[in-house]
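Visitor: Okay, handing you the structure first.
The values are calculated or read from the model by the stated rules, or taken from the named source; none is laboratory data. No experiment lies behind these values; they were computed from the predicted model shown. Here Cβ is always computed from backbone atoms with ideal geometry, including for glycine, and neighbour counts include all displayed protein chains. Calculation scope for accessible area: heavy atoms of the full protein, side chains included, ligands and nucleic acids excluded. Shrake-Rupley method; radii C 1.70, N 1.55, O 1.52, S 1.80 Å.
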Amino acid sequence: MEYAINVTGLCKSYQDFALDNVSFAVPKGSIMGFIGENGAGKSTTIKAMLNLIHRDAGTVEILGMDLDGHEKEIKERIGVVFDECCFHDNLTPADISKILGNIYQNWDGRLYQKYLAQFGLDEKKKIKEFSRGMKMKLGIAAALAHRPDVLILDEATSGLDPIVREEILDIFLDFIQDENHAILISSHITSDLDKIADYLTFIHHGRIILSSGRDDLMDSMGIVKCGTEELEKIEQDQIIRYRKNQFGCEVLIRNKRSFAVGHPEMVIDPVTTEAIMLFYSRGEEL
């Protein structure tokens, strides 16, 4: 398997937070959803991957090139969108095209114009007059217009209404169809990831808790609702996490098929990306 992104042993320490040996890989032709609660380390990881902050340890390879030795070549071939607009308020979309056209060798002004029209953005309007959603659409248009091979997106669909988000998700799916492109997208909108993500990587308190194919996780895991007495009868190796509530317990099961054989009387509900995140971040271990 060829990887578009390969992060190994990434560490970064602050006074009150640390990335601890963060490792994951994004195959070519795929979309990886990068999930975790606020403050878990998603944005810090992405900034460290881009050399926007100094790494204490670890390596980052993008498109087979080491970031430390090939940063310029890598950044020519990736598109990045952060959760806040990176362009000056007094610029217009037309100004941005002139600026980025002098930076990126593969800048495609016509493609940029196409996205501006598709997103309903006036190229002569100053960015300070744009809403948050319009600024996010502008960032996505700019990221795509130099025809990158990899997209790295930090909450890039936040602030967008459901109809526009659906349109953006379709663009992302088209982007990876040639099997050479890839996307890493962090998002709190887990329903978006349920629609497009091939892989999920979950970070919690600066550590990677899981990184796996999304379909594999959905196919194997399940949620069982039961009472406290029934919880005690479930094999410990089947329980990933459990949560107590006023009605009893919810249990995240490791293998719903083998569980069903041993407990045919219990109902197993399907899991979602949001449920996995909630169980790992707020659930308890036996």
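Visitor: Could you check the simple spin-label distance between T228 and T272, using points 7 Å along Cα→Cβ, in nm with one decimal?
Guide: In this crude label model, T228 to T272 measures out at 2.9 nm.
Visitor: Follow-up question, since we're still on this one. Any aspartates and glutamates with Cα under 14 Å of the K195 Cα? List them, leaving off those in the same chain fewer than 8 positions away.
Guide: Excluding near neighbours in sequence, the set is E166, E167, D170, D174, D215, E274.
Visitor: Please compare each pair in K28/K126; K98/K126; K28/K135; K72/K128; K98/K125; K47/K256 to a cut-off of 26 Å on the Cα-Cα distance and tell me which ones are over it. Mind showing how you got there, number by number?
Guide: Details: K28/K126 37 Å; K98/K126 15 Å; K28/K135 28 Å; K72/K128 30 Å; K98/K125 15 Å; K47/K256 37 Å.
Checking Cα-Cα distances, K28/K126; K28/K135; K72/K128; K47/K256 exceed 26 Å.
Visitor: In square angstrom, what is the accessible area per residue of the chain with a 1.4 angstrom probe? It would help to have the intermediate numbers written out before the result.
Guide: Working: 14010 Å² over 286 residues.
It amounts to 49 Å² per residue over the chain.
Visitor: So what is the calculated 222 nm ellipticity per residue for the chain, using -39500 (n - 2.57) for each DSSP H run with n of 4 or more, over all residues, to the nearest 500 deg cm²/dmol? List each step's numbers first, then the result.
Guide: Details: 11 runs with 97 residues, N = 286.
That calculation yields -9500 deg cm²/dmol at 222 nm.
Visitor: Given a 1.4 Å probe and the protein chains all in place, what does the accessible area of D215 round to, in Å² to the nearest 10?
Guide: D215 exposes around 110 Å² with every protein chain in place.
Visitor: Which value, in Å² rounded to 10, gives the accessible area of D16 with a 1.4 Å probe and all protein chains present?
Guide: Solvent-accessible area, nearest 10 Å²: 140 Å².
Visitor: Let me check something: with ligands and nucleic acids excluded, how do E235, E129 order by accessible area (1.4 Å probe), largest to smallest?
Guide: Working: E235 85, E129 105 Å².
Correct descending sequence by accessible area is E129, E235.
Visitor: Further question: Which cross-chain or sequence-distant (5 or more) residues have an amide H under 5 Å from the amide H of I209, H modelled 1.01 Å from N in plane?
Guide: Those qualifying (amide H under 5 Å, at least 5 residues apart or on another chain) are F202, I203, H204.
Visitor: Each label point is 7 Å from the Cα along the Cα-to-Cβ direction; what then is the distance between the points at K98 and E235, in nm?
Guide: 6.9
Visitor: Could you work out how much longer the chain between I163 and A117 gets when fully extended? Use 0.36 nm per residue separation minus the Cα distance between them, nm to one decimal. Can you show the working numbers first?
Guide: Values: separation 46, 0.36 × 46 = 16.56 nm, distance 1.59 nm.
Full extension of this stretch gives 15.0 nm more.
Visitor: Here's another thing I want to ask about it. Return the tail of the calculated pair distribution for the chain, meaning the percent of Cα-Cα pairs more than 30 Å apart. Please list the in-between numbers first.
Guide: Values: 15363 of 40755 pairs.
Taking all Cα-Cα pairs of the chain, the fraction more than 30 Å apart is 38 percent.
Visitor: I would also like to ask the following. Between Q105 and S220, take the C-beta separation as r, use R0 = 41 Å, and let me know the FRET efficiency to the nearest 0.05. The partial results should precede the final answer.
Guide: Details: r = 44 Å, r/R0 = 1.08.
Calculated transfer efficiency: 0.40.
Visitor: For an R0 of 51 angstrom, estimate the FRET efficiency from the Cβ-Cβ distance between K128 and R257 and round to the nearest 0.05.
Guide: Working: r = 55 Å, r/R0 = 1.09.
Computed FRET efficiency for K128 and R257 comes out at 0.40.
Visitor: Sticking with this one: Each label point is 7 Å from the Cα along the Cα-to-Cβ direction; what then is the distance between the points at F247 and D66, in nm?
Guide: 5.5
Visitor: Roughly how much of T8 is accessible, in Å² to the nearest 10, using a 1.4 Å probe?
Guide: 70
Visitor: Helix 273-282 versus the longest principal axis of the chain: what angle, 0 to 90°, nearest 10, using Cα atoms?
Guide: 70
Visitor: Please list H188, H88, H181 from largest to smallest accessible area, probe radius 1.4 Å, with all protein chains kept in place. All intermediate terms of the calculation are to be shown ahead of the outcome.
Guide: Working: H188 85, H88 115, H181 35 Å².
Order by accessible area, largest first: H88, H188, H181.
Visitor: Let me ask another. Give the separation of the Cα centroids, region 125-172 to region 177-246, in Å.
Guide: 26
Visitor: Taking the 0 to 90 degree range and rounding to the nearest ten, how far is the long axis of helix 109-118 tilted relative to the main principal axis of the chain, both from C-alpha atoms?
Guide: 60
Visitor: Quick one: helix 162-175 against the long Cα principal axis of the chain, what's the angle to the nearest 10°, folded into 0 to 90?
Guide: In the chain, helix 162-175 runs at an angle near 80 degrees to the longest axis.
Visitor: Then there's this: For the chain, which whole-number percentage of the solvent-accessible area (1.4 Å probe, protein heavy atoms only) is attributable to carbon and sulfur atoms? The partial results should precede the final answer.
Guide: Details: 6440 of 14010 Å².
Carbon and sulfur atoms account for 46 percent of the accessible area of the chain.
Visitor: Right, here's the next one. As a test of reading the structure, rank K195, K28, K12 by solvent-accessible area (1.4 Å probe, protein chains only), most first. Don't skip to the end; give the middle numbers.
Guide: Working: K195 115, K28 60, K12 25 Å².
The ordering from most to least exposed comes out as K195, K28, K12.
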